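Just so it is clear, none of the values below were taken in a lab; they were calculated from the coordinates. The model shown is predicted, which means the values in this text are computed figures rather than measured ones. Reconstructed Cβ throughout: ideal geometry from the backbone, glycine too, with neighbour counts over all protein chains shown.
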């Protein structure tokens, strides 16, 4: 039995299949369903867990390279929320792009982890370094 670290077997399985330059998506509760990619839904209620909770949990198990987010995140969220995302990803810098360009990346991901997050445009695509 696993005693520490990531306990969810589906998240562990997803992370184990990510290789160099593969991507995974950590998404909010309203992110569209993508039937072509595996979705691990760990949402419980609003904001449990959040995208940042998942990011912090997997960061020690996942070699994070580039991170992508929708530039609309910057318009819709206060500086403190933006800083929290930047801090959670540091030293990796976030590459912001228009939401339609962000969504074009999604089908190429190995999988998607859906959270209960309510942050506007708080979705992240992580590329494995």
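Sort 20, 4 so that the residue with the fewest other Cβ atoms within 10 Å of its own Cβ comes first and the one with the most comes last.
Numbers: 20 9, 4 5.
Ordered from fewest to most neighbouring Cβ atoms within 10 Å, 20, 4 come out as 4, 20.
Measuring spread by the Cα atoms of the chain yields a radius of gyration and Dmax of 13.5, 44 Å. As a proxy for reagent exposure, ranking 44, 14 by other Cβ atoms within 10 Å from fewest up yields 44, 14. Tell me the angle of helix 79-89 to the major Cα principal axis of the chain, expressed in degrees between 0 and 90 and rounded to the nearest ten. It is inclined by approximately 40 degrees.
How would the range 1-55 be classified by its alpha-carbon gyration tensor: rounded, prolate or oblate, with rounded meaning a/c under 1.5 and the a/b versus b/c comparison settling the rest?
Because a/c hits 1.5 or more and a/b fails to exceed b/c, the range 1-55 counts as oblate.
The residues 13, 43, when put in order of fewest to most other Cβ atoms within 10 Å, stand as 13, 43.
Here is how the number arises for the chain: DSSP H runs of 4 or more residues each give -39500 (n - 2.57), the sum is divided by the residue count, and the result at 222 nm is -8500 deg cm²/dmol. Were the residues from residue 44 through residue 90 laid out at 0.36 nm apart, the gain over their Cα-Cα distance would be 13.8 nm.
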